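Read through the structure below, which is laid out as structure tokens, and then see the notes.
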Amino acid sequence: MELHEWERRFKEYLEQHFPQDDKAHDLAHFSRVWHTAQKIMHLSAADQLTVLTACYFHDVVNLPKNHPDRHLASRRAAKETIRILAQHFPDFPASAYPGVGHAIEAHSFSAGIPPETLEAKIVQDADRLESLGAIGLARVFHVAGQLGRGLFHAEDPLALHRPLDDANYTFDHFQTKLLTLADSMQTEMGRRMAAYNIDYLVTFMSKLCAELKGEYYQLDEETLARFSVTR
């Protein structure tokens, strides 16, 4: 069966069975991760069906960021995916189950599971790239709104004189996680894409810091220098 036909069937299943109330982890998110994964694995030896399946089902079990079992979500998603494939897609090759399951388990930042296959590395990079750039910027504040977190510490937005606290200040999440993602990329293309997108996030950070100082028409050069962004 052609890859696009598998994608069509996966989308049809998810539209019917997967709740779309979490707009940061909905079918549109799955599709974007898949499109990014295609760019990363272009001309590689990766098994495309494994990557496609993991991209579309990696968050089929998704727990809130502040849930005590958040670190177990990807393992549960992997088990649920295999169950779905066996029950609803009996023609899906069972030989691909282990690869799909591992790629889903290893995609999660909080799970801390190292990706051991090329397919898992591609899926992990593609999902983490979704946290960066313009879409990542929109998603981080969307999720923060769901959790009732504040936007930023008005007096010390970069936490120069206080501990970072992204449980209360969304802007702190840029330093606690987002700006670290480039170093966790597993593929060369993933690293290149992450570096470009992180530059965008740091430019946003510098603009916000400038505005807090009443400077609305320029970037905050101290912030740019602090995070080594070249423009």
TODO: Classify region 28-134 as rounded, prolate or oblate from the Cα gyration tensor: take a ≥ b ≥ c as the square roots of its eigenvalues, call it rounded if a/c is under 1.5, otherwise prolate when a/b beats b/c and oblate if not.
DONE: oblate
Task: Order of exposure, largest accessible area first, which applies to Lys213, Lys177 with probe 1.4 Å - done: Lys213, Lys177
TODO: Heavy atoms only, probe 1.4 Å: what % of the accessible area of region 1-155 goes to carbon and sulfur, would you let me know?
DONE: 53
Open item on the list: Which one, Ile135, Ala167, Tyr200, is farthest towards the positive end of the dipole of region 123-211 when Lys and Arg carry +1 and Asp and Glu -1 on their Cβ?
Closed with: Ile135
Task: Largest-first ordering by accessible area, 1.4 Å probe, given options Asp127, Asp47, Asp166, Asp172 - done: Asp47, Asp166, Asp127, Asp172
Task: Gaussian network model of the chain, Cα within-10 Å springs - most flexible of Leu52, Leu72, Leu160 - done: Leu160
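Just need the relative contact order of the chain here, percent rounded to a whole number, with Cα pairs under 8 Å and 6+ apart. Walk me through the intermediate numbers first.
Working: 277 pairs, mean separation 33.8, N = 231.
Computed over the chain, the figure is 15 percent.
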TODO: Among Gly112, Pro19, Thr223, pick out the residue whose Cα is farthest towards the positive end of the charge dipole of the chain, where Lys and Arg carry +1 and Asp and Glu carry -1 on C-beta, about the Cα centre.
DONE: Gly112
Task: Answer label for mean projected area of the Cα convex hull in nm² (calculated), chosen among (1) 14.6; (2) 11.1; (3) 13.4 - done: (3)
Open item on the list: Considering only C-alpha atoms, what is the centroid distance from region 128-155 to region 29-49, in Å?
Closed with: 25
TODO: Give the accessible surface of region 81-231 per residue, rounded to a whole number of Å², with probe radius 1.4 Å and ligands, DNA and RNA excluded.
DONE: 50
Open item on the list: Just to make sure I understand: if all protein chains stay in place, what is the order of Asp165, Asp59 by accessible area at 1.4 Å, largest first?
Closed with: Asp165, Asp59
- [ ] Go through region 177-185 residue by residue and turn each phi into a ³J(HN,Hα) via Karplus (6.51, -1.76, 1.60, θ = phi - 60°); whole Hz please, and just put x for glycine and proline.
- [x] 9, 4, 6, 8, 5, 4, 6, 9, 5
Open item on the list: Given a 10 angstrom Cα cut-off, can you work out which residue in Ile198, Ile82, Ile104 is the most mobile in a GNM of the chain?
Closed with: Ile82
Task: Equivalent ellipsoid dimensions for region 101-207 as semi-axes, Å, which come from the Cα gyration tensor, largest first - done: 26, 15, 12
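The values are calculated or read from the model by the stated rules, or taken from the named source; none is laboratory data. On a predicted model such as this, the values are computed, not experimentally measured, just so you know. Note: ideal-geometry Cβ built from the backbone for every residue, glycine included; neighbour counts use all protein chains shown. Only protein heavy atoms, including side chains, enter the accessible area calculation; ligands, DNA and RNA are left aside. Shrake-Rupley method; radii C 1.70, N 1.55, O 1.52, S 1.80 Å.
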